[in-house]
Amino acid sequence: MNILLTGGAGYIGSHTYVALVEAGFTPVILDNFSNSHPAVLQRLQAITGQAVVCERGDVLDTPWVEAVLRRHDIAGVLHFAGDKAVGESVAQPLKYYRNNIGGAVSLLEAMQAAGCRTLVFSSSATVYGDPASVPITEGFARQHTNPYGHTKLVIEDMLAALGVADPSWRLGVLRYFNPVGAHPSGQIGEDPSGIPNNLMPYVAQVAVGKRPHLNVYGNDYATPDGTGVRDYIHVQDLSAGHVAALQALVAAGGQSFTVNLGTGRGHSVLEVVCAFEEASGRPVPYQFAPRRPGDVAQCYADPALAQSLLGWRATHTLADMCADAWRWQQGNPEGYGD
Ligand code: WQD
């Protein structure tokens, strides 16, 4: 079964590509390489032992996307393509509304025209905003605190409206918590451009000596050690969640769903620092700094619905996440740009 991965050369997309091959699917990558590196294609070929089919172009080009869907006889789409930096979305909202919402509309129109109505959408726990309590279930109120999160929320609503208008659509919405780690081969991993916004890649760059220390944004939150608590999920578990979601949708009588993809466990910033020092054998010096605007104290999932609907649950530990992130960082100090 041929599956299209929009943004498939990116961090989550590339790891999911490997998982799909291992599950017997035939993935095709669609990417404009605006936030990913062509070198990942060779790495994917090395890992899977198979040639990688990649269509280079923009998901906003609706006629071209339709042609790609037809050319490869695509049965289902995993939609990863989009911009994802919270801070950038505040500074450049129109870029985010254009690329994320416009891109989703373009993709869905192309799918409708090509007769392909099975989609897995990469959503985010950011749609929960500042949760009233934790752990978070899928029925919690959604609220956006930045344009990036707003685009995810709007696309979720678009998909819901589409499903009402045409029940033949099979739609899987996956709300990621905090994806971290790398494929155990060390061949593919997270490759942020410039200064990493996210904690794990920043910690890895401190451990490898690329940055002098970590700034811990706030140590006065109502959490066990005062630092922010998040649900870090290994990208290998996240990839497996996408395969399980696709298998559920393409199965006879597959129904649409929205599920959290998280571990159900929260870890603080300082716990991550300690785990990374343990995994790498390197010190990760840090300094406390003021809270980062928009950050919430705690955010972690109740993953029970994904387990009951998809038979999926995360199995990797924080130690696994740090060990695999370190292997990728050590072997690729400049990411794919080596
Ligand atoms: C985690 C914790 C920070 C960096 C964001 C998006 C979310 C998703 C993942 C795209 C927080 C602290 C961080 C640093 C720090 N992105 N921190 N020093 O903010 O939970 O989620 O990225 O899908 O949608 O909202 O992740 O890794 O940035 O922060 O102290 O240099 O680490 O304050 O407590 P976040 P994060």
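So the values come out like this:
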{"item": "Qualifying residue in the stretch 256-272 (condition: of a type in the set (D, E) and farther than 25 Å from D302 by Cβ)", "result": "no"}
{"item": "Criterion (surrounded by fewer than 17 Cβ atoms within 10 Å (Cβ to Cβ) and part of a loop (DSSP other than H, G, I, E, B)) met by exactly one of Q50, Q45", "result": "Q50"}
{"item": "Subset of the stretch 79-117 that is in contact with an Asp or Glu (Cβ under 6 Å, 6 or more places away or on another chain) and of a type in the set (A, V, I, L, M) - its residue that is farthest from V154 (Cα to Cα)", "result": "A114"}
{"item": "Residue, nearest to the ligand (Cβ to nearest atom), within the stretch 165-182, restricted to residues that are in a loop (DSSP other than H, G, I, E, B) and open to solvent by less than 20 Å² (accessible area, probe 1.4 Å)", "result": "F177"}
{"item": "Tally of residues being in a loop (DSSP other than H, G, I, E, B), of a type in the set (A, V, I, L, M) and either closer than 21 Å to P333 by Cβ or open to solvent by less than 10 Å² (accessible area, probe 1.4 Å) (or both) across the stretch 201-250", "result": "1"}
{"item": "Meets criteria (basic (K, R), in a loop (DSSP other than H, G, I, E, B) and closer than 26 Å to D191 by Cα) for K84", "result": "yes"}
{"item": "Those residues of the stretch 77-98 which are under 16 Å from C54 (Cα atoms) and away from the ligand (no atom under 12 Å from the Cβ), in sequence order", "result": "V77, L78, H79, A81"}
{"item": "Among the residues listed as A323, A289, A306, the single one being away from the ligand (no atom under 13 Å from the Cβ) and under 19 Å from P196 (Cα atoms)", "result": "A323"}
{"item": "Test: residue in the stretch 53-61 that is within 16 Å of the ligand (Cβ to nearest atom) and closer than 23 Å to D191 by Cα", "result": "no"}
{"item": "Hits in the stretch 131-155 - residues which are open to solvent by 60 Å² or more (accessible area, probe 1.4 Å) and under 18 Å from G172 (Cβ atoms)", "result": "G139, R142"}
{"item": "Selection status of V21, in contact (Cβ under 8 Å) with a residue 40 or more places away in the chain and at negative phi", "result": "no"}
{"item": "Qualifying residue in the stretch 110-121 (condition: within 25 Å of P293 (Cβ to Cβ), within 13 Å of the ligand (Cβ to nearest atom) and either buried (at least 23 other Cβ atoms within 10 Å of the Cβ) or free of Cβ contacts under 8 Å to residues at least 60 places away in the same chain (or both))", "result": "no"}
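The values are calculated or read from the model by the stated rules, or taken from the named source; none is laboratory data. Nothing here was measured: the structure is a model prediction, and the numbers come from that model. Every residue, glycine as well, gets a Cβ built from its backbone with ideal geometry; the counts of neighbours run over all protein chains shown. Remember, those area values only see protein heavy atoms, side chains included, never the ligands or the DNA or RNA. Shrake-Rupley method; radii C 1.70, N 1.55, O 1.52, S 1.80 Å.
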